[in-house]
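Colleague: Encoded as C-alpha cells, here's the structure I'll be asking about.
The values are calculated or read from the model by the stated rules, or taken from the named source; none is laboratory data. These figures come from a predicted structure and were not determined experimentally. Because the Cβ atoms are built from the backbone with ideal geometry, glycine has one as well, and the counts that use them run over all protein chains shown. Just the protein is used for accessible areas: all its heavy atoms, side chains included, with ligands, DNA and RNA removed. Shrake-Rupley method; radii C 1.70, N 1.55, O 1.52, S 1.80 Å.
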Amino acid sequence: MTAPQFDNSYIALPARFFAAAAPAGSPNPQLLALNRPLAARLGLDADWLAGPEGLAMLAGNALPPGAASIAQAYAGHQFGQLTPQLGDGRALLIGEVVAPDGKRFDLQLKGSGPTAFSRQGDGLAWLGPVLREYLDSEFMAAMRVPTTRALAAAATGGIVQREALLPGGILTRVAASHIRVGTFEYFALRGDVEALRALTDHVIQRHFPQAQNPLQLLQAVVAAQAALIAQWMALGFIHGVMNTDNMAVSGETIDYGPAAFMDGYHPDMVFSSIDRRGRYAWAQQPQVAVWNLAQFASCLIPLMGEDEEKAVEEATRAVHAFPQIYQAAWARRFAAKIGLPPSDVAIELVNRLLDLMATSQADFTRSFAGLADGSARDEFLDRADFDAWAADWRAAGPDAALMAAANPLRIPRNHRIEEAIQAAVAGDMAPFQRLEAALTHPFEARPEWADLSRAPAPSERVLRTFCGT
Ligand code: AMP
Ligand code: MG
C-alpha cells in the first residue's frame, strides 16, 4: 500500500499565483465512492485510498508527505461582468501526480473548507453537488469528452448550511490542470506581464508543448475549445455557467455546478436558476466560447511582440478561426449520430431532424439512439413528417455501427441524479452506484438498466438546477 507520489509543479510558480491553506478537516469522514478505474489510470493505489490514510486525505484530515495544499488565484467574467479576484474559495490543490503514461494530473479537494479566496463563502460543499459532479463528469469521460474527473466522494460528517441544513461532502477532482481563462485574466488585469509569461510557459509546457509562442498557444486553445463544445452539443449538454473562470485552458470540461443534459430538445434550453436571460442556453454555447476566448486572447497580447497592432490582428484572427473548426467538428459529430459521414446532405438531414425534434420537444437522447431500432418515431408528434424525413435518411445509406458509437443509450438525467442524491443523504448509496455503473457504460444495453433510458414523466421533470454552492 503506497501513498500518492506527488510531483508538484504549480507551486514552483511565483508566490502570487496561490495562497497556501490547510483543509478544514472532517469530523466524521466516510468514503462514499472511490473510482478504482481512475485510480488505476493515474497509477494510484486504490487500496491505500480506501484505507485509513487514504480516507484521511480524501476527507481533508491529513495529507500525505509531499502534498501541496494551495488555493489557486484567478479572476473571471461572470455573466459578462469582470470580477478581479475569485480564486479557489472552496477547493484546494493537494498535489500533482504523473500517471504511468507520463501525463500529469492535479488532485484537488472540492469542499474542503475556507481559503484566502472564500470571500463570504464557507468553503464547503454539500453532498448533492459533489455526487452530481461525480456522475456528470464520469459519464463525460466514458463518452470520451475531455473533462475533469472524480476520484472519490467523501461525506465529511459535518453539516452545511444552505437553504436547509445539509450533509457536507468533498469531491476529489482530477484535472489535466485547473488553469482557467480566468487565471490569465487575474494577472492581465493587474498588468503583471512577468506572471503572464510564467503562466504561459507553464501552460505550453504542460498542455500544448507543440506551441512555440503565445499566438500558437491561443490557436491551440481555440481549437481545443471548438472541439469540446461540439462534443457538448452532440450530447445535449448544457454547462450552465460558462464564465471565464469556468473554462479550462486545457480544453477539459470543468465546474459542473448547475450543468444538465437536456431531456426534451429545445435549442434555447436553460436549467440554471441564476441564468435568467439564457446567456448560457444550449444553442448559445459556441458563441459564448468565442466571447471567452476573446478575453483569453486579450490577456496574451502583451506577450505577442512589440507591434501591438499586429498582435491584436493575429489574436483576432486566431479567435475567428473558432467557427470553422467548430462547424467541422459539429458536422462530424452530428452526422455520425445519424450514421453518415459529414456532407452537405448529412448536415441538411441533421438540421431537418433537429427542427422536427424541437417542434415535438422530442427527447434528445432517445431520438438519436432510437433511429437504429425505429423507436425514435415514437418521440415525434407528427409521424408523417418524421416518416418523410426517415425515408430521405434511409436513402442516404446510414451506417449502423457509426450511429451506435455516437449515440449513448443513457445520459445523466436530472431526475435520476436527484433520486440518487436523496437516497445518499438518507444513507443509501445503492442508487448512486447503479447510476454510476450504467452511466460509465453508456453504450451497453442491459435489461436491468432499461428504466434509466426512459425520459422523465412530467411529474419527474427537473426544470431548475443550482450552482454547487
Ligand atoms: P463556481 O460557482 O464554482 O464557478 O464558483 C465561483 C466562485 O465562487 C469561485 O471563486 C468559488 O471558489 C467561489 N465559491 C463558490 N462556492 C463557495 C463557497 N461555498 N465558499 C467559498 N467560495 C465559494
Ligand atoms: Mg467555478
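Colleague: If you stretched the chain out fully between ALA283 and ALA321, how much longer would it get, using 0.36 nm times the residue separation minus the C-alpha to C-alpha distance?
Modeller: Once the chain is fully extended between ALA283 and ALA321, it gains 11.8 nm.
Colleague: Another one. Between the alpha-carbon centers of segment 381-398 and segment 27-52, tell me the distance in whole angstrom.
Modeller: One Cα centre to the other: 49 Å.
Colleague: Compute log10 of I(q)/I(0) for segment 1-63 with the Debye formula, placing one identical point scatterer on every Cα and leaving out solvent, at q = 0.15, 0.27 Å⁻¹, to two decimals.
Modeller: Here the Debye-derived log intensity ratios amount to -0.58, -1.13.
Colleague: Any aspartates and glutamates with Cα under 20 Å of the LYS337 Cα? List them, leaving off those in the same chain fewer than 8 positions away.
Modeller: ASP263, GLU348, ASP355, ASP363, ASP373, ASP378, GLU379, ASP385, ASP387, ASP392, ASP399, GLU444
Colleague: Moving on to the next point. Collect residues whose amide H, placed 1.01 Å from N in the peptide plane, falls under 5 Å from the amide H of GLY169; neighbours closer than 5 in sequence don't count.
Modeller: Amide H neighbours of GLY169: ALA125, TRP126, LEU127, THR156.
Colleague: While we're looking at this one, here's another question. Under 20 Å from a point 7 Å along the Cα-to-Cβ line of ILE11: which residues of segment 197-217 have their amide N that close?
Modeller: Flagged as within label range: 199, 202-203, 206.
Colleague: Moving on. Between ASP307 and ASP382, what is the label-to-label distance in nm when each label sits 7 Å out along the Cα-to-Cβ direction?
Modeller: Taking the simple label geometry, ASP307 and ASP382 are separated by 5.6 nm.
Colleague: Using only the alpha carbon atoms of segment 138-231, find the Kirkwood hydrodynamic radius as the inverse mean reciprocal pair distance, in angstroms to one decimal.
Modeller: 16.2
Colleague: Express the C-alpha Rg of the chain as a ratio against the empirical globular expectation 2.2 N^0.38 Å, rounded to two decimals.
Modeller: 0.98
Colleague: If you average 1/r across every pair of different Cα atoms in segment 10-175 and take the reciprocal, what Kirkwood value do you get, in Å?
Modeller: Final number for the Kirkwood radius of segment 10-175 is 16.2 Å.
Colleague: What longest region of the chain stays clear of GluC sites (Glu not before Pro) that DSSP places outside H, G, I, E and B and that have at most 13 other Cβ atoms within 10 Å?
Modeller: Excluding the exposed sites themselves, the longest stretch runs over 1-162.
Colleague: Given H placed on each backbone N at 1.01 Å, which residues far from ARG180 in sequence or on other chains put an amide H within less than 5 Å of it?
Modeller: Placed amide hydrogens put VAL249 under 5 Å from ARG180.
Colleague: Between segment 416-464 and segment 216-273, how far is it from one alpha carbon centroid to the other, in angstrom?
Modeller: Rounded to whole Å, the Cα centres lie 22 Å apart.
Colleague: Quick one: accessible area per residue over segment 10-175, 1.4 Å probe, rounded to a whole number of Å²?
Modeller: Ligands and nucleic acids excluded, the figure is 36 Å² per residue.
Colleague: Determine, at each q value in 0.12, 0.13 (inverse angstroms), the log₁₀ of I(q)/I(0) that the Debye formula gives when each Cα of segment 256-410 is one equal point scatterer.
Modeller: The Debye formula, applied to the Cα set alone, gives -0.65, -0.73.
Colleague: Between segment 72-141 and segment 162-199, how far is it from one alpha carbon centroid to the other, in angstrom?
Modeller: The distance from the Cα centre of segment 72-141 to that of segment 162-199 comes to 7 Å.
Colleague: What distance in nm separates the two pseudo spin-label positions at GLN120 and ARG461, each 7 Å out from Cα along the beta-carbon direction?
Modeller: 3.3
Colleague: Using only alpha carbon pairs under 8 Å that are at least six residues apart, calculate the relative contact order of the chain and give it in whole percent.
Modeller: Values: 942 pairs, mean separation 66.7, N = 469.
Taking the mean separation of contacting Cα pairs over the length of the chain, I get 14 percent.
Colleague: Something else: Can you pull the percent of segment 10-175's accessible area that's carbon plus sulfur, 1.4 Å probe, other chains left in place?
Modeller: With neighbouring chains kept in place, the figure for segment 10-175 is 54 percent.
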